[in-house]
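K.L.:
This structure is in structure tokens; I'll ask about it shortly.
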Amino acid sequence: MRDANYQKDKKTESGLKMLKRSPTAVIGLVIVLIVIFCGIFAPWISPYDPIKTDLYSRLKAPDKDHWLGTDKLGRDVLSRIIWGARVSLKVGVISVGIGMIIGVIIGLIGGYFGGITEKAIFSLVDLMLSVPPLLLALAIVATLGPGIGPVMTAVGISLIPIFARVARGSVLTVKEQNYVVSARALGASHLDIMLRHILPNILTPVIVMATLYCAFAIIMEAALSFLGIGIQPPEPTWGTILSHGQQHMRTAAWISTFSGLAITITVLGFNLLGDGLRDLMDPNMRHVIQTK
Amino acid sequence: MTYIIKRLLLFIPTLIGVITLVFLILHAIPGSPATRVLGEFATAESIAEFERRLGLDRPLIEQYIDFVTSYATGDFGESYRTGEEVIDQLALELPYTLHLVTAGMIIAIIIGVGLGIVSAIKPNSLLDNIGRIIALLGVSMPVFWSGMILIILFGLKLGWFPIIGAGDTGDVPDILHRLVLPAFTVGFLTSGVIMRMTRSSMLEVLDQDYIRTAFSKGLADTIVYLKHALKNAAIPIVTVIGLSFGGLLSGTVLTETIFARHGLGKFLVDAILWKDYPAAQGCIFVISLMFLVINLITDLIYGVLDPRIRHA
Amino acid sequence: MHLLQIKNLKTYFYTTDGIGKAVDDVTFSLEKSETLGLVGESGCGKSVTALSVMRLLKEPPARIVNGQILFDGTDLLRRTKKDIKAILGKRISMIFQEPMTSLNPVYTIGDQIAEMLSLHEDLAKKQSWERAVDMLAKVQIPSPEKRAYEYPHQLSGGMRQRAMIAMALACNPEILIADEPTTALDVTVQAQIIDLMMQLKNEFGTAILLITHDLGVVAQTAERIVVMYTGKIVEEAETLAIFEDPKHPYTRGLLQSLPNIGYRSFSRRQPLHEIEGIVPSLYGLPQGCSFHPRCPDVMAICRQTAPKLVDIGDNHNVQCHLYP
């Protein structure tokens, strides 16, 4: 028990210092924070109502009134993009949450017990991985119908096998550590060992994965909405704005350009942050940083 | 030889598994497909009629066995929408998707492996940093956006390439001309992942003793990098190429929609929008099958690349 | 004229920890058909010296900052990369410590030897393969025609090192640099490999630069010995002189840590000795003579000034304040 806590403390303690050593992670963090800020404060910072139409200013190119122009119903693109951050973050966080919680439970059980339990669980996991991720989500949305709930469920389910694998991999290494072996020898229950000794020690890779797969979930939501089977208009999401912009590519390229840019920058932010965290957490990398 | 046979035998249960998954996705979820297809306001009689016609009123296990056996014999059922055999429709769409997937993968491999090698040879150089930025953009830009940017730039502004459709069968130059933009769209998406893996794998190999031996023989740098290093670095690269086909196939679905091209992806999206479940199921199965076959091929390539696997 | 002359060679490593002087003003030469032992504990700059000659160092962090490497009358450090590549493998070749990892795992050993021949000898594929098989026979690998088709993982450590030697000698080079060629091998195999190298050296007339931490290995083979410590030469003499009358305390320490040289150590019942302490890091070398913290004969001056290499007669050079 003390061992497990000791390891955890060491990690959080040097967390800030490590962030300093990875400027890309800091850039990623700043981007992510800006997006979160936009999402939370959308009602106050967006210059216009994102769904209020204004037929007198349709398809207007960017100017001083509408920094990023307007769409065919005269709605302000900037305001829609700011509000879109809300939806993207919501979907990103909740679907990663679904995937992470279920995936980690599955991976924990499979990795810890091993044998037939592991085989049974992971043949199912591998099966899910044999369907390309977007197709899996497409199929699930197809049965559940459109809307934000089904999208989050679909993306979340398609993330389960990925988290399950990562969790199992970490469990397998942690399982053999002295503090787990000794806890078992002292007669701790399986549940106790899993929750108190193993779980805290596999959280690092899981959190890195969660950051990276937030990016993935945001792209998936945008893709589903773009295809018209995800979140439906008039709700402002980056995917629907982009799909709407596609119809006006010739005359109003700014709609799709800026909404796509918003997705790209956000995804880039999560990727940079996740990559940076991964490099910093990787013991080999950490060694390199210290010795050089 | 036993390695190949072992790997081939493993393929069969996976195949049955995927058929099961396709079945489960659309059958085991609460609510009958009939209500989903016919809408909330359908009468009880029309629903019963629909279910009887398609055998949906039978026990689930019976439907499942029926589903697996008919899939195993290549019978994917009839489209709700057109009444045609799904497999015939898929056969029409398949070539377009194969063109796009092949061309996209070739582009991804050339860009990804090329940049990865260059980056690994001189780590932290300007070229390495440019390569890494390109890779990062590749994994961060959604295909439906990068595709649109290509359309706006090279299709609308410069007018170099047509932006809609896949061309008529037979007219090879036209097909190739229309393939350029979509292929670059999906290729760029995938190149980032391949580049990252090539770079890290090459960096590891270049540190090995046998690379020093190769240089000590007086071999030209390019021979050392391409003959001695790349073949050793190839297994993780091939693995990631195989896995990235999943992303590439997903990207194909979107790219076909953006470029209004014929193909399995567009067919699937239409089938889902029309709630044409047999067509959607068949299509998901065929795309997953492509993914499975590709992963089978990559596993077989391992044996070719590494004598240690072949002899194991 | 010397076959190979290294003059005032300085190879430094530039890292964030500072500058590591891995080779610091080293001068020695290798004569035709001679075997020269380059001896010292690991981390003393022996390998870096050899890799500087071969231009196999990773640059950066390494950089040859000064010196000359004269081969064939010209300075290798001033030749183009292309010139160097024509010399490597063909006129100067090298074998390494780890036979396990020094051969490419994905090519057959026949391929790897034949590659050398088709590169430097302008032979057709079939001829280079035949020559490769001949070489495998020369290094006494049984049934070489069959073994040529095998991959490194199918051979034992000793067999792999034989294959490495076959490869290195395939083009009949003038110089063979052997970097700890037997360290990773079983004791019985070590003797076989050394015997083989000597036999081939006599047959081909190759000069050998034998790098080792084990004075026992050079005792039987080398004509002269150069002892290095922390990037500098501390003693250089004929082999007999080193063993009969070692001057530098470091050389004496190395000799005392040898289990048995002939019968002497047994008859006098000298206890086995180890040099106290460890080789200091290149990034934090002690002031004055860098050996002084470990030296049994340390004097006040050793802590302040570094000694110079002096000739004490009979081509015996030593770098120590004991010999002013």
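The values are calculated or read from the model by the stated rules, or taken from the named source; none is laboratory data. This one's a predicted model, so the numbers in the text were calculated from it and none came from an experiment. Reconstructed Cβ throughout: ideal geometry from the backbone, glycine too, with neighbour counts over all protein chains shown. Remember, those area values only see protein heavy atoms, side chains included, never the ligands or the DNA or RNA. Shrake-Rupley method; radii C 1.70, N 1.55, O 1.52, S 1.80 Å.
K.L.:
Rounded to the nearest 0.05, what FRET efficiency do C:Ser33 and C:Tyr149 give with R0 = 35 Å and r taken as the Cβ-Cβ distance? Could you check?
P.N.:
Computed FRET efficiency for C:Ser33 and C:Tyr149: 0.55.
K.L.:
Also: Chains B and A: what accessible area do they bury, summed, in square angstrom to the nearest 100, with a 1.4 Å probe?
P.N.:
Result for this pair: about 3400 Å² buried.
K.L.:
Based on alpha-carbon atoms only, what is the radius of gyration of region B:65-142 relative to the globular estimate 2.2 N^0.38 Å? Before the final figure, lay out each step's value.
P.N.:
On the way: Rg = 21.4 Å, N = 78, 2.2 N^0.38 = 11.5 Å.
Dividing the Cα radius of gyration by 2.2 N^0.38 Å gives 1.86.
K.L.:
Counting each DSSP H run of 4 or more residues in chain B as -39500 (n - 2.57), what helix-only mean residue ellipticity at 222 nm follows after dividing by all residues, to the nearest 500 deg cm²/dmol?
P.N.:
For chain B, the value works out to -25000 deg cm²/dmol.
K.L.:
For region C:277-289, just list the computed ³J(HN,Hα) in residue order, Karplus coefficients 6.51, -1.76 and 1.60, θ = phi - 60°, integers in Hz, with x standing in for Gly and Pro.
P.N.:
x, 10, 4, x, 5, 4, 8, x, 6, x, 5, x, 6
K.L.:
Kindly identify residues of region B:277-299 having a loss of at least 30 Å² in accessible area between the isolated chain and the assembly of all protein chains, probe radius 1.4 Å.
P.N.:
Checking the loss per residue gives B:Ile284, B:Ser288, B:Phe291.
K.L.:
In degrees between 0 and 90, to the nearest 10, how far off the longest principal axis of chain C does helix C:125-138 point, with axes built from Cα atoms?
P.N.:
Around 50 degrees separate the two axes.
K.L.:
Continuing with the same structure: Using a 1.4 Å probe and counting only protein heavy atoms, how much accessible surface gets buried when B and C come together, both sides summed, in Å² to the nearest 100?
P.N.:
The buried area between B and C, both sides summed, comes to about 2300 Å².
K.L.:
With everything on Cα atoms, drop me the angle between helix A:77-113 and the longest principal axis of chain A, reported from 0 to 90° to the nearest 10.
P.N.:
20
K.L.:
With each pseudo-label sitting 7 Å past Cα toward Cβ, what's the C:Ala191-C:Lys126 distance in nm, one decimal?
P.N.:
Reported label-point gap for C:Ala191 and C:Lys126 is 4.4 nm.
K.L.:
What FRET efficiency comes out for the pair B:Phe154/B:Leu10, r = Cβ-Cβ distance, R0 = 45 Å, nearest 0.05?
P.N.:
0.55
K.L.:
Related question: Which cross-chain or sequence-distant (5 or more) residues have an amide H under 5 Å from the amide H of C:Val65, H modelled 1.01 Å from N in plane?
P.N.:
When sequence neighbours closer than 5 places are left aside, the close amide H contacts are C:Lys10, C:Thr11, C:Tyr12.
K.L.:
Right, something else. Name the helices (complete DSSP H segments) of chain B with a Cα length along the long axis of 30 Å or more and a Kyte-Doolittle mean of at least 1.0, or state none.
P.N.:
In chain B, the long hydrophobic H runs are B:2-27, B:86-121, B:230-258, B:277-305.
K.L.:
What are the principal axis extents of the Cα atoms in region C:12-141, in Å, biggest first?
P.N.:
Computed over region C:12-141, the largest-to-smallest principal extents equal 50, 34, 28 Å.
K.L.:
What does the net charge come to around C:Pro181 if you take all other residues with beta carbon closer than 15 Å to its beta carbon, with K and R at +1 and D and E at -1?
P.N.:
With Lys, Arg at +1 and Asp, Glu at -1, the net is -2.
K.L.:
Considering only protein heavy atoms, with the full assembly of protein chains and a 1.4 angstrom probe, order B:Ile134, B:Ile5 by accessible area, largest first.
P.N.:
Most to least solvent-accessible, the answer reads B:Ile5, B:Ile134.
K.L.:
Still on this structure: Obtain the nm distance between the two label points defined at B:Asp168 and B:Ile133 by a simple spin-label model: each point lies 7 Å from its Cα along the Cα-to-C-beta direction.
P.N.:
It works out to 4.5 nm between the two label points.
K.L.:
Follow-up. Rounded to whole Hz and in sequence order, give me ³J(HN,Hα) for region A:141-158 from the Karplus expression 6.51 cos²θ - 1.76 cosθ + 1.60, θ = phi - 60°, writing x for Gly and Pro.
P.N.:
For region A:141-158, the Karplus curve yields 4, 4, 7, 7, x, x, x, 5, x, x, 4, 5, 4, 4, 5, x, 4, 5 Hz.
K.L.:
So if I take the alpha carbon set of chain C, get Rg, then get Rh from the Kirkwood formula, what is the Rg over Rh ratio?
P.N.:
Answer for chain C: 0.98.
K.L.:
If you count only protein heavy atoms with a 1.4 Å probe, what accessible area per residue comes out for the protein assembly as shown, rounded to a whole Å²?
P.N.:
Numbers: 42030 Å² over 928 residues.
Value returned for the protein assembly as shown: 45 Å² of accessible area per residue.
K.L.:
If you stretched the chain out fully between C:Asp25 and C:Glu203, how much longer would it get, using 0.36 nm times the residue separation minus the C-alpha to C-alpha distance?
P.N.:
Contour length minus the Cα-Cα distance gives 60.7 nm.
K.L.:
Once both labels are modelled 7 Å past Cα along the beta-carbon direction, what's the A:His190-C:Thr183 spacing in nm?
P.N.:
5.0
K.L.:
If you don't mind, there's one more thing I want to ask. Can you send over the carbon and sulfur percentage of the accessible area for region B:1-129, probe radius 1.4 Å, protein chains only?
P.N.:
Ligands and nucleic acids excluded, carbon and sulfur give 68 percent.
K.L.:
May I ask you to evaluate 6.51 cos²θ - 1.76 cosθ + 1.60, the Karplus curve with θ = phi - 60°, for each residue of region C:148-165 and list the ³J(HN,Hα) values in order in whole Hz, giving x for glycine and proline?
P.N.:
Each residue of region C:148-165 in turn: 4, 8, 8, 8, x, 5, 8, 10, 6, x, x, 5, 5, 5, 4, 5, 4, 5 Hz.
K.L.:
What angle do you read, to the nearest 10 degrees and between 0 and 90, between the alpha-carbon axis of helix C:187-204 and the longest principal axis of chain C?
P.N.:
Relative to chain C, helix C:187-204 is tipped by roughly 70 degrees.
K.L.:
Which whole number in µm²/s is D for region C:1-79 by Stokes-Einstein, with the Kirkwood Rh taken over Cα pairs at 37 °C and 0.692 mPa s?
P.N.:
The diffusion coefficient I find is 252 µm²/s.
K.L.:
Have a look at B:Val180, B:Ala260, B:Gly165 and report the one farthest towards the positive end of the charge dipole of region B:91-310, computed about the Cα centre with Cβ charges (Lys/Arg +1, Asp/Glu -1).
P.N.:
B:Val180
K.L.:
Counting residues in the protein assembly as shown as N, plug N into 2.2 N^0.38 Å and put the Cα Rg over that result.
P.N.:
Against the compact-globule rule of thumb, the ratio is 1.17.
K.L.:
If R₀ is 25 angstrom, what is the calculated FRET efficiency for the pair C:Arg303 and C:Glu274, using the beta carbon separation as r and rounding to 0.05?
P.N.:
Numbers: r = 23 Å, r/R0 = 0.91.
So, using R0 = 25 Å, E works out to roughly 0.65.
K.L.:
Could you tell me which residue out of C:Ile225, A:Ile51, A:Gly84 lies farthest along the dipole of the protein assembly as shown toward its positive end? Charges go on the beta carbon: Lys and Arg +1, Asp and Glu -1, centred on the Cα centre.
P.N.:
The listed residue farthest towards the positive side: C:Ile225.
K.L.:
About the Cα centre, and with charges only on the beta carbon of Lys, Arg (+1) and Asp, Glu (-1), how big is the dipole of region B:91-310? Nearest 20 debye, please.
P.N.:
Result for region B:91-310 is approximately 520 debye, rounded to the nearest 20.
K.L.:
Check each residue of region A:112-158 and keep those whose accessible area, probe 1.4 Å, is at least 30 Å² smaller with all protein chains in place than in the chain alone; give them in order of residue number.
P.N.:
So the qualifying set is A:Leu127, A:Ser130, A:Val131, A:Pro132, A:Leu134, A:Leu135, A:Leu138, A:Ala139, A:Ala142, A:Thr143.
K.L.:
At 1.4 Å probe size, with the rest of the protein present, what percent of the exposed accessible area of region C:182-264 is carbon and sulfur atoms?
P.N.:
50
K.L.:
Viscosity 0.692 mPa s, temperature 37 °C: Stokes-Einstein D of chain B from its Kirkwood Cα radius, in µm² per second?
P.N.:
Translational D for this selection: 148 µm²/s.
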